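Worksheet: the structure to be examined is printed underneath.
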Amino acid sequence: MKVGSRYDGKAWNDKFLPGLSKVKVAQIPKDEALVVLPVGATEQHGPHMPVFTDTLIAEAFLTRAFEELPDHAQVWLLPPLAFGKSTEHGSHPGTITLSATTLMQVLLDIARSLARSGFQKLLLLNTHGGNTDLLNMMAREIRIDTGMAVFRLDPGSLGLGEGLISSAEKQVGIHAGDVETSIVLAVKREWVDMSLAPCELPRFPESRYLQFRGKAFAWVMDDLSESGISGDATQATAEKGEAMLALGGKLLAEALLEISRFEMSSLKAAEADPAGLTTSGVI
C-alpha cells in the first residue's frame, strides 16, 4: 500500500467516522474524542492543476497524519467538505462555490449533528485561503451554539516549504504556485500538466498600511493574476511535494494529539473570589 494514496491507510480504514455503524459511534468515548472536519474547495487552480486541488491536499495531509497517530488516539475523521467559499475565483471555469451564508449554515448543521451524538470537540481543518476568515468566525459561533470546544488549523501555516521554496514564493505564492503544485504532483501526478505551468508573481505593495498578508484590501483573483495563479508553478517537483507531505503529516499528527488532550477548563488560571481576586493577585 502506498500511504498517501487517496483513501488508503488508517485515516480511511480505521478512523473514518462514517465508516462506523451507529452502535460503534455510540461506543466512542466522547469525553476523549476529537472530530476532524476538513474544509477544502473546488475551484480553479490555473491552467495546469485540477479544480479539486485544495480538497485533495487536505486528504493527503490527513492520510499521512493518521499514520503517525497511536492506534488508541480518539481522533476521528469526517468526509472533507469539497465545496467552500470560492467566490474570488467565480469568473473561472470549474469553480464551484458556496455563498458565505450557505457555508456558515452547513458548518453549523454539521456541528449540531455531532453535538447530538455526544461529541464535544471539533477541529475545522482548512486548506483553502478563501475559507479562513469565515471559519475563524464560525468556530466561535459553533462554540456558542453547541457548547462544543472548537479548534482551527490550516496546514498551510505550518511552514512546510522552509528550505524548499524561494523567498519570492514565500511572499506571494498563495495559489497554485510551487507549494500546491508540488504536493499535487506527489499525490496525483496524472492530474497535473506541467507543460502549462505558469509563473505569475503579483506586485504586492511594500506599505505599512497596505500589507497583503494583513488583509488590508479586498481582492479577487482577477485583481492579482491573468493566469489564475499566484506563484511560480514552474519550479514545482514531486520530490518537494513528498518532503512537504512527510513533514506536514508529522506536524499535523502532533497537533491532533495536542488538541485532543486540551480542555477548555484549563484556561482559567484560578478560581476568583468575590472581590475579583485570584490567589496570585488582581485579575
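Return the subset of LYS24/LYS85; LYS188/LYS240; LYS10/LYS30; LYS170/LYS240; LYS30/LYS85; LYS121/LYS240 for which the Cα-Cα distance in this structure is over 25 Å, preserving the input order.
LYS24/LYS85; LYS30/LYS85; LYS121/LYS240
Close amide H pairs (under 5 Å, H built 1.01 Å from N) link SER86 with LEU98, residues at least 5 positions away or on another chain.
Considering only GLY46, PRO18, SER195, the residue lying farthest towards the positive end of the dipole of the chain is PRO18, judged by Cα position with unit charges set on Cβ.
Proximity of backbone amide H atoms, modeled 1.01 Å from N, is registered between HIS175 and SER230 at under 5 Å, excluding neighbours fewer than 5 places apart on the same chain.
Given the DSSP H assignment, sum -39500 (n - 2.57) over each helix run of at least 4 residues in the chain and divide by its residue total; what's the result at 222 nm in deg cm²/dmol, nearest 500?
My calculation for the chain gives -11000 deg cm²/dmol from helical runs alone.
About the centre of its Cα atoms, the chain shows a dipole size close to 760 debye [charges on the beta carbon of Lys, Arg (+1) and Asp, Glu (-1) only; nearest 20 debye]. Taking a straight Cα-Cα cut-off under 13 Å and skipping sequence neighbours fewer than 8 places away in the same chain, no aspartates and glutamates fall within cross-link reach of LYS22. Three semi-axes describe the equivalent ellipsoid of the chain; taken as square roots of 5 times the Cα gyration tensor eigenvalues and ordered largest first, they are 33, 24, 18 Å. Peptides 35-47, 141-153 ordered by packing proxy, namely the average of other Cβ atoms within 10 Å per residue, highest first: 35-47, 141-153.
Relative contact order of the chain: what whole-number percent is it, with Cα pairs under 8 angstrom and at least 6 residues apart? Relative contact order for the chain comes out at 22 percent. Using the Cα gyration tensor of the stretch 145-216, with a ≥ b ≥ c the square roots of its eigenvalues, what is the shape: rounded (a/c below 1.5), prolate (a/b larger than b/c) or oblate (neither)? Here the stretch 145-216 falls in the oblate category.
Where both bridge residues fall in the chain, DSSP classifies roughly 30% of the beta bridges as antiparallel.
Each value in this text was obtained by applying a stated rule to the coordinates, not by laboratory testing. Please read all numbers here as calculations on a predicted model, not as lab measurements. Cβ coordinates were reconstructed from backbone atoms using ideal geometry, including for glycine residues, and neighbour counts include every protein chain displayed.
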